[in-house]
Amino acid sequence: KASLLEPKVGKGLTSGNGKPCWTRAKAINMDVDFDDIAPGISSLSEALVLSVALLDGEELGPPQSRDGSALTNGDTPRQPQTAAGECDGGRLSQTPTERSINILLRMQTEISRSGLYAANETLDDVATPSLELLSVEYHLGRAYLQLPTHAPPATDGEGGDRIPGGGGGASASPAGLRRQNVARATECYHSFLRRVEQLGDGVMAEAALGEYHAMLDGEEEGEDGGGGRRGGARMNPAQLRDLKIRRFQRKKAAGRARAHLGSLLDRRARLGLAPDEAMEGHDGESLRRTLAVETLRVHAETALEELHSSSGEMEMLEMALRME
C-alpha cells in the first residue's frame, strides 16, 4: 500500500519541480532557552524528548533506542550540567511528572509565540520537524493524569514554582485535586485531537474521527439536556465492548506501522544511506515524515481512549465530592 504522504501528481500535493508540497513548508527557528528549568536543552525538539522521557521514567539516550520516542528528526538532547548541590531553581524538589509539565507548558508558550502553526494549516503546510511538536498537548494530558492527588507545597519564589495552577491549596481534597487534573487532561486531549483533525485526511483514521465526533455530539446533548454521560451518549455494554475492540485494533495497526518505520530508520542509519537515497519506497525525509504521522495516529487513538476513561472517572469524582 502506498504511503499516504507519497507525492500524488494531479492531486495538488506536488510542486512544479515534482517535489511534495510539504518540503516547501515554512521552516521556523525553534532554538529556545530552557536553562532555568532544563539546563542543556536548547531546542523544542530536545525539550519534547526530555519531557517524554521524564513521563516514561526512561534514561536519556539515543532516540532510536527508545520505543515510542517522540523524536523523529535526529536531535539528541544534551544532558543537564547542574552539579550536585548546585542551586537548581527547585528542580530537585520536583517529581519527574512536575518537571515534564513545566517543560511542556514552556513549549506551549514558545510555540504560540513563534507562530509555528496557523489556524488554517493542513498537513501539507507543516514542515516535518514541526510535526512531532503537535504532540505537546497530548503529553500534557498524560502528565496531568500522572500527578498525585495530594496538594503539593506551594513555592513561589527563588525556590522555583511547582506546577503552575497545579495545587489546590492545603485544604483541597484528593477528589477535588484529581478532578482538577482530569479536567485539565481532558482539555489537553481535546486540543490535541482538534489540531490533528485540522491536518486533514490521512492522519486520523476515519473511524477514529467518527468516534470523536460522536463523543463531541454526546457532550453537547448532555449540556443541552442537563443529563447524559460526559464524553458521549450512553451505550450498552455490547456497544462499549465493540467500540473498545475497534479502537484497540486501530491503535495496534498504527503501532505496528510505526515500529516498522522505526526499524527502517535504524537500518538506514546502519547502512549509512544518503538522505535522498530510497529504501522500501522512502527517502530519509519521507520516512521521517511518515513516522511522525503514524506517531500522531497512535497518540490520537490513545487520547480517545483516555477521554472515554476520564469521562467515567469524572462522574465518580463528582459523586465523591458531593458526599464530602
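General observations
- Computed E for residue 114/residue 216 - FRET, C-beta separation, R0 25 angstrom, nearest 0.05: 0.30
- Cβ crowding within 10 Å averaged over residues, with 311-318, 117-124 ranked highest first: 311-318, 117-124
- Linear extension gain, residue 206 paired with residue 271, 0.36 nm per residue minus alpha-carbon span: 19.8 nm
- With the simple spin-label model, which puts each label point 7 Å out from Cα in the Cβ direction, the residue 320 to residue 197 separation comes to 3.0 nm.
- Entry for the range 174-324 at q = 0.16 Å⁻¹: log10 I(q)/I(0) = -0.92, Debye formula applied to identical alpha-carbon scatterers, no solvent contribution.
- Phi to ³J(HN,Hα) by Karplus 6.51 cos²θ - 1.76 cosθ + 1.60 over the range 201-214, Hz, x for Gly, Pro: 4, x, 9, 6, 4, 4, 5, 5, 5, x, 5, 5, 5, 5
- In order along the range 108-125, the Karplus-derived 3J(HN,Hα) couplings, from 6.51 cos²θ - 1.76 cosθ + 1.60 at θ = phi - 60°, round to 4, 5, 5, 5, 5, 5, 7, x, 5, 10, 8, 5, 9, 6, 10, 4, 5, 8 Hz, and Gly and Pro are given as x.
Bear in mind that the values in this text are calculations on the coordinates, not laboratory data. Computed from a predicted structure; not experimentally measured. Counting neighbours? That spans all protein chains shown, and the Cβs are built from the backbone with ideal geometry, glycine included.
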